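Let me begin by presenting the structure, written as structure tokens, before commenting on it.
Every number in this text was worked out from the coordinates using simple rules, so none of it is lab data. Since the model is a prediction, treat every value here as computed from it, not as a measurement. Methodologically, a virtual Cβ is constructed for each residue, glycine included, from the backbone with ideal geometry; neighbour enumeration extends over all protein chains shown.
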Amino acid sequence: MLTLSSCTSEQLHRSLRDGSFRLYLGQLALKVSSDIPEFIAAFRQLYGDHPVTLGGGEYDFDIAISAPALWRRWLRRNASFEFSGDTPFLPMEVGHAHALFEWGLNWAIASFLHHCLIIHSAVVEWQGKGVLLSAVSGSGKSTLSAELSEQGWRLLSDELALLDSDLKLIPLARPVSLKNSSIDIIRQRHPMAVIGPLARDTHKGTVAHLKVSADAVGHNLVPAVPKLIVFPKWVENAPLRVEPVGAGQAALRLIDQAFNYSILGAEGFRRLVALVRTTEAWQIEYSSLDEARDALETLVAEHG
Amino acid sequence: MSLLGGRGHDAFDPEAWSLLFSEARRAGLLARLAAILRLDEVGLPERLQKQVKASLIEAAAFQRDVLRELEHVQQALQGLGVPVLLLKGAAYVRLNLPAARGRIFSDIDIVVAKESLAQAEASLMLGGWLTGKLDPYDQRYYREWSHEVPPMTHRRRGTTIDLHHALVMPTCRIRVDSGKMIREAVPVDGSAFWWRLQDEDMVLHAASHLMFNSEFERGLRDIWDIDLLFRDFASRSASFPERLFERAREVGLGEVIREALRLARALLGTPVPENLLPGDAKMATRLVARAVYSRHRQTRPAGQWLADMLLVSREMYLRLPNHLLLTHLAHKASLGFTGTTPHKAI
Amino acid sequence: MSGGIPAGRPSLSRVALAEALLFEEVEDGALIFDQSSGATTLSSGLGLAMIKSLRSLGALDEAALRAAVQDMGEAPENFTDVLISLEKSQLIFRC
């Protein structure tokens, strides 16, 4: 299949303008439209390995990153996230357009894909075993998943675990959102990593995106089987601590991080119970990414 | 009749379906479309089937939440010993009517007698529902001119109740005997607490909601409600259509019901007998014409998605096509009703 | 009725399990999903013993419930507190 980086600039710009562009994010097909050069440049860089088509066709979501109404443009060059022609969020400056795309896409997934139980969690896979890394914002989940991804783990998602009715984790490999100091941490540890433009002074501080490996993108149609649930927490200078979490406790913590548990009702409960019954849960507290990775690899080997 | 010129839903390729779904979702009608047309059974491509499934799951959650919320409302108000009348969506769900299917809504509309309004408001506040902050102008507008207490939102569950003491805006220019409709309400399955409007009045209320409300984007959903209510009641009693028109005259909604049913019949094929409501097929033809234009979002005429959606519906279950909001606007203009300008003119 | 149980009151009322509960035992207790409220609870220890007793025996008066949980090896020291908390979370009710 055609990848984004193999399109010529003319093809890409034309297709993003005339509504014929489709980006394939695993099972999801996105119609993406844009006429904002800053966005298109970042998009090309960060989604270079993703399959695309330029000839129209069916899609799940219709997303446009476009300039808002004319009068606004006089104030500052802004970009809007349009979903089915609606703008659910306030426009942001064009330099943040690629971050807006990622946030908007997270919103769309969490708001509409109710055939899956959707949990705020990174999903990675090691030696064929799926691992949920569920944590509240600010616990280092994205940094950890970026690190694992750079160390050869397969990344399925840095933000959203999609658990389908067969208890499989649906992959959504796409750029990992890094915030503030984690940008430099990943850059220093992995000088070859491709990191997109910095979006400064967003509501989440400075944000940049790590391009995921072509291998992860290449496996985006292969679901993972969950084998381990981990609640990671980064604590400065803390010694490594690895502790088991009971299945019931794990279920409550996942519910707390779920977007659509209440929408799924009894089916959500059954799915979650099945998950925690078949998958051990652990929590780890760490300050060193190397130690955390070692600990995770041991956990997967021994308990996954 | 062949308004479609032989084109049906099989003429929709997956991309056209995607576009239709995207636009229906935006209008909050995807679940309604899915539920009424049984889109889960028509062999759509897998990608679209998943979207149908997801929308039905969401609609089921709405219904569950409404029933749950009604229990909370009952707990809060039961002590007053006054009957509580359920309106619109909450009534459809509580009565398990076809009009409840795939209906996504969040507010619960209830009516209590005017003399019990203050007590009901106080009891709901004790139950955790609070009035949001309104500026003094809005407060005054609501309390003096509207038939509602300002919307009350539950502090934990976030659910909203609209507490009314009448059915339509007292400022509107048509004199409606809504008091009669309320007085002649009937209990819901023998309960002394929940009450509902009579069948005829439910349709009349939906029709007046369509004609007097300024939520333009809700127009199609309201027409669809009217269609589903009408079909359901008419299937249970052959004399329903006649009784409906008679009742409409009685309470002063004769013109409103004719207009609403004309729209519903033209758009959704609502089976209103010709002798009760002489036809007007011109509009339908005109509106179908919209559907034959390009389906590209960037080039399609505004409102074409409605035409598409209705075309599909017509083909698959109802017998319908086309557009309506234009007519809605025209109607408002003819009433001299100065609603706000719709932000998305069609 | 939900205001709690005064100490020393003779236990006249019977206690029953709420309807529409989904009950799934896991290693650290039981996950209970209340289909009428949508709430999920993790119950363990004495509370779990009470729920299991009510599940298997149906509605019981307090004395019988107390005896039943003792038979299951649970010390009923906090019996009243746990009962009230289960009642507050609407997993059990008095009838």
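A few comments on the model shown:
- The calculated FRET efficiency for the pair residue A:13 and residue A:53, based on their C-beta separation and a Förster distance of 22 Å, comes to about 0.90.
- Within chain A, antiparallel bridges make up roughly 70 percent of the DSSP beta bridges whose residues both belong there.
- Electrostatic bookkeeping for residue B:196 treats Lys and Arg as +1 and Asp and Glu as -1; over the other residues with beta carbon under 13 Å from its beta carbon, the sum is -4.
- Spatially proximal aspartates and glutamates relative to residue A:211 (Cα-Cα < 15 Å; intrachain offsets below 8 disregarded): A:49, A:102, A:147, A:150, A:158, A:159, A:184
- Taking amide hydrogens as placed 1.01 Å from N in the peptide plane, the amide H of residue A:33 sits under 5 Å from those of A:63, A:64, A:65, each at least 5 positions away in sequence or on another chain.
- Virtual spin-label span in nm between residue B:16 and residue C:63, 7 Å along Cα→Cβ: 7.7 nm
- Segment C:63-93 versus segment A:248-304: alpha-carbon centroid distance in Å: 31 Å
- Loop-resident sites, segment C:45-95, for GluC sites (Glu not before Pro), counting at most 12 other Cβ within 10 Å (DSSP): C:77
- Across chain A, Cα pairs under 8 Å and at least six residues apart give a relative contact order of 17 percent.
- Antiparallel bridge percentage (DSSP; both residues within segment A:4-112; nearest 5): 70 percent
- Likely footprinting exposure, B:181, B:152, A:1, fewest C-beta neighbours within 10 Å first: A:1, B:152, B:181
- Euclidean distance between Cα centres, segment A:194-245 to segment A:8-25, Å: 28 Å
- 32 Å Cα-Cα threshold exceeded, pairs from A:168/B:88; A:233/B:53; B:53/C:88; A:179/A:227: A:168/B:88; A:233/B:53; B:53/C:88
- Ranked B:21, A:83, C:23, criterion: other C-beta atoms within 10 Å, fewest first: C:23, A:83, B:21
- Each of C:95, A:7 was scored by other Cβ atoms within 10 Å of its Cβ. Listed from fewest to most, they are C:95, A:7.
- Modelled FRET efficiency - R0 51 Å, residue A:297 with residue B:78, Cβ distances, 0.05 increments: 0.30
- Multiplying the residue separation of residue A:240 and residue A:87 by 0.36 nm and removing their Cα-Cα distance gives an extension gain of 50.7 nm.
- Inter-label distance for residue B:46 and residue A:225, nm, one decimal - labels placed 7 Å from Cα along Cα-to-Cβ: 1.9 nm
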